[in-house]
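Where a number appears in this text, it was derived from the coordinates with a stated rule and is not lab data. Keep in mind it's a predicted model, so treat the numbers as computed, not measured. In this analysis, Cβ positions are derived from the backbone assuming ideal geometry, glycine residues included, and neighbour counts consider all displayed protein chains.
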Amino acid sequence: MQQDASRARVLRDGAIRAVVAALPFALAMTGFLLPASSEGAERHFELALENGKLAESAPTLKVAQGDEVVLDLRSDRDVELHLHGYSLKFELAAGKPAAWRFAVPTSGRFPLAVHGHGG
């Protein structure tokens, strides 16, 4: 019983560390940064995750409301990405490049968190 509690604490603590590690990365989506157009633009960004984390120097990606974002992703571990504020989730398999495409419906600044990576 105590072993189960210890394991749950380790898993919870690992998830908290993963979210904190992702905080430097955010998508800044605001019409003040780039002009919004009636059609929107398709914006491509490449992101790599290593050891289940985004690089500490991950940039803030600036897009306008109405744009379509395409994140070209690769990871060395199976992870789930969560774009806070939009409640979007994306599963990324280790060693398999993938593209995550979504529209920018609202303005704001939204962090991208990494969940579920191994230790």
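Hey, with R₀ at 22 Å, roughly what FRET efficiency would Lys89 and Ala41 work out to, going by the Cβ-Cβ distance, to 0.05?
0.35
Please report the antiparallel percentage of DSSP beta bridges with both residues in the stretch 40-119, rounded to the nearest 5.
Around 70 percent of the beta bridges assigned by DSSP in the stretch 40-119 are antiparallel ones.
Once phi is turned into ³J(HN,Hα) by the Karplus curve 6.51 cos²θ - 1.76 cosθ + 1.60 with θ = phi - 60°, what whole-Hz value does each residue of the stretch 70-84 show in order, with x for glycine and proline?
Working through the residues one at a time gives 10, 9, 8, 10, 8, 8, 8, 9, 5, 9, 10, 9, 10, 8, 5 Hz.
Once the convex hull of the C-alpha atoms of the stretch 70-119 is built, how many Å³ does it hold per residue, rounded to a whole number?
So the per-residue hull volume is 70 Å³.
Quick check: net charge around Pro97, other residues with Cβ under 9 Å of its Cβ, Lys/Arg +1 and Asp/Glu -1?
+1
Straight-line reach from Lys96: which aspartates and glutamates have Cα under 18 Å away, leaving out those fewer than 8 places along the same chain?
Leaving aside aspartates and glutamates fewer than 8 places away in the same chain, those within reach of Lys96 are Glu46, Glu50, Asp72, Asp76, Asp78, Glu80.
What nm value, rounded to one decimal, do you get for the distance between Ser57 and Arg109 when each label is placed 7 Å out toward the C-beta?
Computed distance between label sites Ser57 and Arg109 equals 2.1 nm.
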